[in-house]
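Q: Got a structure for you, questions after.
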Amino acid sequence: MTGRRVATPEAQRRTRRPGRRGVVLAGVVAAVLVGGGIAGVAVATTGPDGRSAGQPVSSASASTDPGAAANGSRAGDTSGFQDPAAPAARSTATPVRVEIPAIGVSSGLEDLGRGAAGELDPPEDWDSAGWFADGIVPGQVGPAVIAGHVDSPTSAAVFFRLDELVAGDQVHVEMSDGTTRTFTVERSERAAKSAFPTSDVYGSAPTPQLRLITCDGTFDTATGHYTDNLIVFADLTSS
């Protein structure tokens, strides 16, 4: 799809919402659930509105454990878990930057690990994305995961426009060895954090793939988290 993108009505409404933004990332724990931010197995970060202003939410608030479903996202589905690559299977190069021209994203990448509950920790910087460093390296066979906040306590965050991506858009991941791995968006999926598709996000895959995750849905003031996660699925097309 070519041409200048225009923010959707929903995206425009987000800019007027008070409160914080966050990203819900798929979790890393063995249980595969992430709650609210990037917490839990299915890491997820707080969404565009960033509820409970000023209170950081895991960048991947899916209620699932990355470890469980290869630490997928959302809620506790432990099926299809793919252990994050053994050292022997890892590439020497690691991802250092992500570029998504269609939505104006150009961000360095933080290394994201798992919290005490096995959830995927969110990026420390609202304006920076992060990759699940205990999982698949982008470009290797399997699903690599990059997560980011949708908003902050005061403004839009790095993945605020993630919902504007469409099939055919490209995601460029720059590696520490100077090479760039390009992924092409295949589809997007919204899922309740309570029903995070862990196996789809973290489970084994026959080819090099990429998942981009952030928060979505309604901001729950009672929990301080968004109710849903937005997951973008992409396939490696150039390395």
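Q: Need pairs with beta-carbon distance below 8 Å; first residue of a type in the set (D, E, K, R) and within the range 117-128, second part of a loop (DSSP other than H, G, I, E, B) and surrounded by fewer than 18 Cβ atoms within 10 Å (Cβ to Cβ); sequence gap 6+ or separate chains.
A: Partner pairs satisfying both residue conditions: ASP121/GLY113.
Q: With the condition kept exactly as written, say whether any residue in the range 191-203 is in contact with an Asp or Glu (Cβ under 6 Å, 6 or more places away or on another chain), assigned to a strand (DSSP E or B), at pLDDT 95 or above and of a type outside the set (Val, Ile, Thr).
A: Within the range 191-203 (the criterion being in contact with an Asp or Glu (Cβ under 6 Å, 6 or more places away or on another chain), assigned to a strand (DSSP E or B), at pLDDT 95 or above and of a type outside the set (Val, Ile, Thr)), the answer is no, since none of the residues qualifies.
Q: Going through the range 204-239 one residue at a time, which ones are at positive phi and either in a strand (DSSP E or B) or within 15 Å of the chain's Cα centre (by Cα) (or both)?
A: First, pick out the residues of the range 204-239 that are at positive phi: 217, 224.
Residue satisfying the conditions is GLY217 alone.
Q: Show the residue pairs meeting these rules: Cβ distance below 6 Å; 6+ apart or different chains; first residue within the range 219-239 and modelled with pLDDT under 95 and among the small types (Gly, Ala, Ser); second residue in a strand (DSSP E or B) and surrounded by fewer than 24 Cβ atoms within 10 Å (Cβ to Cβ).
A: Short answer, once both residue conditions are applied: SER238/THR182; SER239/ARG181.
The values are calculated or read from the model by the stated rules, or taken from the named source; none is laboratory data. All of these numbers come straight from a predicted model, not from anything done at the bench. Methodologically, a virtual Cβ is constructed for each residue, glycine included, from the backbone with ideal geometry; neighbour enumeration extends over all protein chains shown.
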